[in-house]
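The values are calculated or read from the model by the stated rules, or taken from the named source; none is laboratory data. All figures in this text were calculated on a predicted structure; none of them were measured in a lab. Every residue, glycine among them, receives a Cβ derived from its backbone with ideal geometry; neighbour counts consider all protein chains shown. Surface areas here come from the heavy atoms of the whole protein model, side chains and all, with no ligands, DNA or RNA. Shrake-Rupley method; radii C 1.70, N 1.55, O 1.52, S 1.80 Å.
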Amino acid sequence: MKDDVFFSMIFSICLLMALAYIIGKWDFMKKILRQRGWGKMDPEQRRVETFEHQVQLGLIMGMFCVVSNTIGFLVDGSIPNSRVIGAMSAGLLGGPVSGFLAAGIGAVHRYLGEPDRISTTACCLATLLQGGLGSLIWYAHKKRIDYSSGLLFLATMLAECVHMGLIYLLSFPRMEALEILNIIAVPMIFINPVGMVLFFAVIRDAIRQADREEAAGVSRSLRLTERCTPYLQAGGDAEANAAEILKIIVEEEECEGAAFIRNDHFLARTEAFQEVTLIPDHLPGILSRCRLQGDVVADARCKPSDSFAALSERFVVLAAPVPAFAPGMDYLVVLVRKNIYSSEADQSYVSGLARFFTIQLTLSQLEEQKNLLRKAELQTLQSQINPHFLFNALNTISFFCREKPERARDLLMDLSTYFRNTLQDVDSMVTLGEELAHVQAYLSLEQARFEERLRVTVEIEETELGVLVPNLILQPLVENAIRHGAMMQPVGRVIIRVRGEGEDTVIEVCDNGGGVPENVVCELARGKSVGGRIGLLNVQKRLLQIWGESAGLAVTREDGWTCVRTRIAHTVGACRAQAG
């Protein structure tokens, strides 16, 4: 008889282990256990304790108690079983609500099944106490409910010892109670604790396996997003970029097909969608729901009239909204085989992928707008440089037209060269030699105007003439040195130096004027124009945008000379032409 009890309980525990493994794989059960502190979840989410979840967990574990009662067999008025695993587990995992609900279900089922047996009262009361003991342990460890095997074993053994004690105290006649205990006590006191440890081990392994799968999914997602990013930032042909993204999605993930749909037509699609025809001005049902909800939608059975009806016979169709590659409403549609579909994981993946595309496309559009704004700003600043110089140049040329017509002709040629260069794209890169030719045209006009009052010295290392610099980067520095420096003296002097220092090119423009006021230097560093020095501000902004702080203008004063200096690094794309 004792051997039969052992084998019956071992069979009962094995069946419960199988049930635990199956339940541990349910997305529903995993969600509940994570909210109880198991597996990977945000700490704030772990503290979410809702009555609904506690009731759900209690009902599930109550069914465990019912199964245990059902597969046990009658021994002299008692049913040896593993009901304690269901009742205590509910309390251990979900607290009082779950524990007493599961224990109550187990106790009621036990009573209704064998109400007249001598141990019924003791077993029902023991089941309720087991649910309470599990709840008490939960309360003592609720900040971390991933219990140790030793605690589970000893707590279950204690619960079964109480169970046996109640049978002895509440079952009459006493001799029959002793006969029952002689048969069931040892198996239940020692086998059920082992079953409890194994039960929690199975659930723990199921949750950890789910976490490992999610971690692997995160790794795949990161790799996928890394591969997709260049096509989201490339601009150009939206259909070609979308097609490349879909290829990557199918390669990286366990999906059978993917498509981008814009309004009522395919922007791009993989082979699985080739037989699908979209009806103009009539969205498939899943896309309509997706648009209304603004989030991912899954459909395992589309209506027969739906465009995706044939696909839904073999696949689960998932759709999520994505901002358009161009004006319009876009959707990402993914197909997953029904036999491997996981509602929580797959919907989370498609939703996250759609949000990633949303963010990247938004950032790409913002960057494009930023570049357009920067170019418009520089063009505005450039246009502000020209008018004040043009008036003076024309006055000077008109004077020479009467006295020295040949000189006037040469100055008109210099003026045309000057303005031809200023009309070039403000963002274009030119060699330092070309920029110096532009400066020479400007200097010819200024020296014709001021004659002996202006003396200019140019010191250039020929090896630096091939360095690439932004168009109109040097002339504003020279103009500032003449207007606000040299011409403040009876005889103004300006020195232009270009030399190499290591891998950098240093450009200096010095004048013997009164110096740059301190407030101008400070405001220039902040990106503000003071005292009409628009040219300096223009140069400062462009240098900072291209090379950063290291290329910003530095203003120094020494021995009556004021120097404005910049250091240009030889970045990718900048090169030195061979001298001569």
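Of the chymotrypsin sites (Phe, Trp or Tyr not before Pro) found in the range 226-276, none is in coil by DSSP with at most 14 other Cβ atoms within 10 Å of its Cβ.
Per residue, the range 218-357 exposes 49 Å² of accessible surface when a 1.4 Å probe is rolled over the protein heavy atoms with every protein chain present.
The solvent-accessible area of Cys401, taken with every protein chain present and a 1.4 Å probe, is close to 70 Å². Ligands, DNA and RNA aside, Asp414 has an accessible area near 40 Å² when probed at 1.4 Å. Qualifying trypsin sites (Lys or Arg not before Pro) in the range 252-317, where qualification requires a DSSP coil assignment and no more than 16 other C-beta atoms within 10 Å, comprise Arg301, Arg314. From the alpha carbon centroid of the range 53-72 to that of the range 87-138 is 10 Å.
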